[in-house]
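Engineer: Take a look at the following structure, please.
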Amino acid sequence: MADGCRFLSDMAAIILAISRCISRANLRFTVNHARAMRIAEIMNDFRSLQYYLAAIHVNPLAEDYYLEGYSLIRACIAEGQAVLANSYTNAAAHPSGDEEAEKSQLKLIIVDASVRRFLCQRAYMRAVAAQRWANARTQILGGHRPHAGNLHQLQQLDAQLRTELGAITDGHVLDTLQSHDVAQGKFIDDDPSLEILLQQIQFRQ
């Protein structure tokens, strides 16, 4: 958690330093201003997703602890925490008024922030599907243990979860984020493509 707080602090400091340099160099609104604002927007989404993931709570019985849905929820929450804990390593120094250096720095941060947001969005969507499964399972059981009378319903529920998870493709996750961004009229010209996002994720593993 300390690493995650340091990451958020580093991002805020970098954006502030670059914004000050931009303001001193040019009082008119520039594309670099838009890039700095875009980083703030993406990081705000990322922060919200962290809160949403942290708010998901399930308390399975000991004998149900390793069922698919409960295991998935724990894995998604752990993934969100891991994304937060990863530090940002691309900023050795703040640009000092050089517009091209600022542009390069900002674009690097946009990619990094976008990767984090994407990973958290994917984890959250999967966790929500698993939480629906958990809630439906609790309703089916009605305080009792599984038995022959509800076995078919539970099997159908498991199959439904797998179907929902299969629909949460990487492309669907990015489409969800982009649709929201476009609807809000946000500047997304420098947002990375799915191919770049997946390359970055693979590189970091």
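The values are calculated or read from the model by the stated rules, or taken from the named source; none is laboratory data. A quick note: this is a predicted structure, and the numbers were derived from the prediction, not measured. As a convention, Cβ positions derive from the backbone with ideal geometry for all residues, glycine included, and neighbour counts pool all protein chains shown.
Engineer: Working only within the range 168-205, note down all residues that are over 24 Å from residue 36 (Cα atoms), in contact with a helix residue (DSSP H, G or I) (Cβ under 9 Å, 6 or more places away or on another chain) and hydrophobic (A, V, I, L, M, F, W, C).
Structural biologist: If the condition is that a residue be over 24 Å from residue 36 (Cα atoms), in contact with a helix residue (DSSP H, G or I) (Cβ under 9 Å, 6 or more places away or on another chain) and hydrophobic (A, V, I, L, M, F, W, C), then 168 is the only one that fits.
Engineer: Okay, moving on. Since residue 164 meets every condition but one in (1) within 30 Å of residue 30 (Cα to Cα); (2) surrounded by 15 or more Cβ atoms within 10 Å (Cβ to Cβ); (3) acidic (Asp, Glu), which condition does it not meet?
Structural biologist: (1)
Engineer: Sticking with this structure for a sec: Does residue 49 fit the bill of being under 30 Å from residue 102 (Cβ atoms), of a type outside the set (Val, Ile, Thr) and modelled with pLDDT of 95 or more?
Structural biologist: It is true that residue 49 is under 30 Å from residue 102 (Cβ atoms), of a type outside the set (Val, Ile, Thr) and modelled with pLDDT of 95 or more.
Engineer: Just checking, does the range 103-112 include any residue being modelled with pLDDT of 90 or more and in contact with a Leu (Cβ under 7 Å, 6 or more places away or on another chain)?
Structural biologist: no
Engineer: Additional query: Is it the case, given these coordinates, that residue 121 is buried (at least 17 other Cβ atoms within 10 Å of the Cβ) and touching a Ser or Thr at 6+ places or on another chain (Cβ under 7 Å)?
Structural biologist: yes
Engineer: Something else: Tell me which of these residue 191 doesn't satisfy, since it passes every other one: (1) among the acidic types (Asp, Glu); (2) surrounded by 15 or more Cβ atoms within 10 Å (Cβ to Cβ); (3) in a helix (DSSP H, G or I).
Structural biologist: (3)
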